[in-house]
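Notes to accompany the following structure.
Just so you know, all these numbers are worked out from the coordinates, no wet-lab data involved. Note that this is a predicted model, so its numbers are computed, not measured. Ideal geometry is used to build each Cβ from the backbone, glycine not excepted, and the neighbour counts take in all protein chains shown.
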Amino acid sequence: MAYLQFNKGELVNLEYSLKREVLSTNHAGGYMNTTIVCCNTRKYHGLLVLPVANFNNDKFVLLSSLDESLIQHGKAFNLGIHRYGDVYEPRGHKYIRDFEIDKCITITYRVGGMVLRKEMMLANNKAQYFSRYTLLEANSPTILQLKPFLAFRHIHTLSKTNMDAERSSREIPGGRAFRMYEGFPDLNLQLSVKSDFISNPDWYYNIEYKEERRRAYESTEDLFVPGYFELPIKKGQSIIFSASTNVEKPAGLKAGFEKYKEARSSRESFESCLKIASKQFIVSDGDKLSIYAGYPWLDKNSRETLLALPGIALWGLGDKQKFNKILEDFIAREGSFPDSGGVKPDVPLWLIWNIQQYSIYTGSTKGVWRDAGGIIKDILQRYREAKDGSSVVLHGNGLLWAERRGVALSWMDAYVNGAPVTEREGYQVELNSLWYNAISFALELASAAKERSFTEEWEPLRKQVAKSFVKAFWIEHGDYLADYVGHEGQNKCVRPNQLFTCSFPYSPLTEVQRSHVLKRVQQELLTERGIRTLSPVSPHFKGEYDGDEFSRNSAYHMGTARPWLLGFYIDANFKLHGNAFLTKAEDLISAFEEDVQIHCIGSVSEVYDGDPPHQPHGCTSYSISVASLLWAMRIIENHKNRKI
C-alpha cells in the first residue's frame, strides 16, 4: 500500500480532488504539474513545462494536457477532464478507481470491463515527459486514443486563438513533431509502438483555470489540438507515450521509462516525502547547481537560496559536497556580497550563517577560516565601510540602519500600489541579530586560527553591538523585542523577526530574555502550520490570505503563518529547554504529516492562513518550508540521540 494514495470517493469529489496537486521535476528547470485527476486549475499547470533558451530561459508550457480515450465496439470513453465556465467536460474523473504516488504518479481507471493504469513522470535532467499505459483488464478489442492539448506560451500568460500558430506537423519515428511558433524547440510526441495520427487541427476555446479565477487573474485560454493518436492495446500490454524536445528512438522508450523510474526514490514516509521534495528544488544548468525557491512559479532567489540550502543539502540530504557546490556556484553568480543591488541588506549575512551551519553540521570549525575567512571578512568590512546614502549603514552605536524610501529592505517585501506594506525603515531586529551572530562567529574562527589582528579589531565592536542591541530593541514593559526601531522609536508589533536572535548560535540576549521572547512567540504567533507574521492582537492583523493581488499582498506579511520559521522556533526552544521540549517539537512537526496530502502532494506550501483552519496558499511546494522541517527533524533526532 502506497504512503500517498486517494480512493475513488475522494477522487470523484471535485471539491476535494481539485485542491490537491502533483508535481514531477526533471531537476533541470522543467516540471510537470496538475491536479490528482489531471484537470488543470492553474495557468502554471502542464505536462511539460520547460525553460526555453531563446526566451531568456523563462518557463513555457509546451504540452498542457493529454486526453486519453478508451474505445470498444465503436464507443469512446474519454478519460480527460476540463473546465469550461461552471461546466466540466468531459468528466473522465468519474472513471478513476484509485490514485497513488510512489516513484511516479499512478492513476487507475475502470470503464466497464476495462481497467487502464496510467503512470506519469518526467525524465531526470532531460526535457521529456512520460506516460505509460497498461491495459490490466479488457473483454473485447480495445483502442487507445491520445489527444494532445498544446499551449507553447509563457507560464504567466494565457494562450488565445490566433493566425500565427503553425497548425501543421511533421512525421518523425513513432509520432509527430510540432512547433507552434518561431523560437521554440520542437515538441516531439512519440509512442513506443506503431500508431495512426489523425490530423484534425482545431482550437478548444475558453478552458478555465479555477485557481486563477479565485485569485482574480484572467482565467480562460484557448488551446490548440492538432489531432490525435490512435492505436490498439491488448490486455496486459504496456505502451509508452513520450513528449520531448528531442527525437527519441521509439524502441528505447520502454527501457527509458524503466530506467528513470527506478532511479527515483520511494515515498514511504513523511520524511522521505520531504527529502524527495527537497531534491526537486536542486536544479542543474550544465555544471552549475542552484536552488529554485518554489513551484510552480518561483525561480532562483538569493535570500530563499541561503535560507533553504542548509536544510536541504545538509540536514535533509546529508550531502556536504552538494552543499559546497551550490554555495560556490551561488557566490560565483551573485558575488561575495549578494545584496541584490542594495535591496536585500540581510542576504550577505545569511551567507555567513550558511558557513556557520556547515561548521555545526560537521561538528568542526577546522579549515573554515582558511577556506571561507576571506569571504567572511570581506562581507563584514563592506558593512563597516558603507557610506551614507547606502541602503544599509553602520551607525556609531554599532547597529546597522536600513533605509531606502519606498523600498522594502527585508524579507517582508510585499508591495501594494508600488509601496511596501511593511517598510520597516531603521534598525531591523533580524538584520542586527544576523550582524551580531556573524561578528561573533568570525571572532570564534579567527581566535581558533590565532589571527590576533582581526580579534583585536572586531571584539570591541561585538561588545558594542551586544549592548546597543538590548538597549535599542528590548521592550521593558513587554518583555519582548521591537520589530524595528525607526525615526519614531520602537515598533512594538509582535512579529517573528525577534525569533532569530534566540536561535542563532550567538545572541546578545540573556537566557531570561530569550525565555520571555519565546513565550511571547508561543502565545501570539505559534500555529499548527508555522509562525504567524503578525500577532492577532494587532489591529492590522489579517487572518486570511486570499482574494485578488491587492488583498493577498496586503495580507502576505500581516498574519500569514510560515512553516519556514518553525525551524528557528524549535531550534531556539531546544537551546533554552533541552530535551524537555522534545515532545512539543515532535507534535509541531508531526502536524505537517497531514499536510503532505493537501495542496502539493508530498510537499509543503509557502504560506497558510493565520486563522484556523490554516488553509494553504502561495507556492504549493516551497523550498524553505521543506528545508526548515527537515532541519527541525534532524534537531529532534539529534536530541533523541543526545548528540546535542
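Taken about its Cα centre, the chain carries a charge dipole of about 1300 debye when Lys and Arg each add +1 at the Cβ and Asp and Glu each add -1 at the Cβ. With each label modelled as a point 7 angstrom along the Cα→C-beta vector, the Tyr205-Tyr217 pair spans 2.4 nm. Relative to the longest principal axis of the Cα atoms of the chain, helix 320-334 runs at roughly 80 degrees. Contact order for the chain, expressed relative to its length and based on alpha carbon pairs under 8 Å spaced 6+ residues apart, stands at 11 percent. Measuring r between the beta carbons of Lys160 and Glu457 and using R0 = 56 Å, the FRET efficiency lands at 0.35. The angle between the Cα long axis of helix 511-524 and the longest principal axis of the Cα atoms of the chain comes to about 40 degrees, rounded to the nearest 10.
The length gained by stretching the chain between Ala448 and Ser336 to full extension, at 0.36 nm per residue less their Cα-Cα distance, is 38.0 nm. For the peptides 89-97, 624-632, residues were scored by their other Cβ atoms within 10 Å and the scores averaged per peptide; the highest-first order is 624-632, 89-97. Stretched out straight at 0.36 nm per residue, the stretch from Trp297 to Ser364 would grow longer than its current Cα-Cα span by 20.3 nm. Using the Cα centre of the range 336-510 as origin and beta-carbon charges of +1 (Lys, Arg) and -1 (Asp, Glu), tell me which of Gln357, His477, Gly398 is placed farthest towards the positive end of the dipole. The residue sitting farthest along the positive end of the dipole is Gln357.
Dipole size of the range 336-510 about its Cα centre, with +1 on Lys/Arg Cβ and -1 on Asp/Glu Cβ: approximately 300 debye, rounded to the nearest 20.
Using a 7 Å offset from Cα along Cα-Cβ at Ser265, what residues in the range 280-294 end up with backbone N under 19 Å from the label point? Residues 280-284, 289-294 qualify, since their backbone N sits under 19 Å from the label point.
With the gyration tensor restricted to C-alpha atoms of the range 422-579, the semi-axes of the equivalent ellipsoid amount to 31, 17, 15 Å, longest first. Checking every one of the trypsin sites (Lys or Arg not before Pro) in the range 326-396 against DSSP loop status and a limit of 16 other Cβ atoms within 10 Å picks out Lys366, Lys387. Of the trypsin sites (Lys or Arg not before Pro) found in the range 442-551, those in coil by DSSP whose Cβ has at most 12 other Cβ atoms within 10 Å are Lys450. Debye-formula intensities of the chain, expressed as log10 I(q)/I(0) at q = 0.08 Å⁻¹, are -0.62 (one equal scatterer per alpha-carbon, no solvent).
A dipole drawn for the chain from +1 and -1 charges on Cβ atoms has a positive end, and of Gly543, Pro90, Gln5 the residue lying farthest that way is Gln5. Computed from the Cβ-Cβ distance with R0 of 41 Å, the FRET efficiency linking Tyr16 to Asp196 stands at 0.65.
Taken as Cα centroids, the range 100-152 and the range 362-425 sit 51 Å apart, rounded to the nearest whole angstrom.
Gyration tensor analysis over the Cα atoms of the range 1-49 returns equivalent ellipsoid semi-axes of 22, 14, 6 Å (largest first, whole Å).
Cross-link pairs exceeding 31 Å in C-alpha to C-alpha distance, out of Lys43/Lys542; Lys59/Lys235; Lys160/Lys259; Lys279/Lys640; Lys94/Lys194, comprise Lys59/Lys235; Lys160/Lys259. Spatial offset of the range 184-199 relative to the range 10-81 amounts to 18 Å, using the alpha carbon center of each. Restricting the calculation to Cα atoms, the range 336-510 shows an Rg/Rh of 0.96 when the hydrodynamic-style radius is the Kirkwood one.
Once Rg and the Kirkwood radius are both taken over the C-alpha atoms of the range 24-262, their ratio Rg/Rh works out to 0.93.
Just from its helices, what would the mean residue ellipticity at 222 nm be for the chain, if runs of 4 or more DSSP H residues each count -39500 (n - 2.57) and the sum is divided by every residue, rounded to the nearest 500 deg cm²/dmol? The helix contribution divided over the chain gives -9500 deg cm²/dmol.
Note on the range 24-262: with charges restricted to the Cβ of Lys and Arg (+1) and Asp and Glu (-1), its dipole about the Cα centre is near 520 debye. Taking label points 7 Å from Cα along the Cα-to-Cβ direction, Ser238 and Ser538 give a separation of 5.4 nm.
Between the helical axis of 347-362 and the longest alpha-carbon principal axis of the chain there is an angle of about 90 degrees. Annotation for the range 122-212: chymotrypsin sites (Phe, Trp or Tyr not before Pro) lying in DSSP loop with at most 16 further Cβ atoms inside 10 Å of their Cβ are Tyr181. For the range 58-121, the share of DSSP beta bridges that are antiparallel, to the nearest 5, is 100%. The value of relative contact order for the range 336-510, using C-alpha pairs under 8 Å at least six residues apart, is 20 percent. Between Lys94 and Ala255, the contour length at 0.36 nm per residue exceeds the Cα-Cα span by 54.8 nm.
Taking neighbour counts of Cβ atoms within 10 Å as a proxy for exposure, in what order, fewest first, do His599, His73 appear?
Ordered by Cβ neighbours within 10 Å, fewest first: His73, His599.
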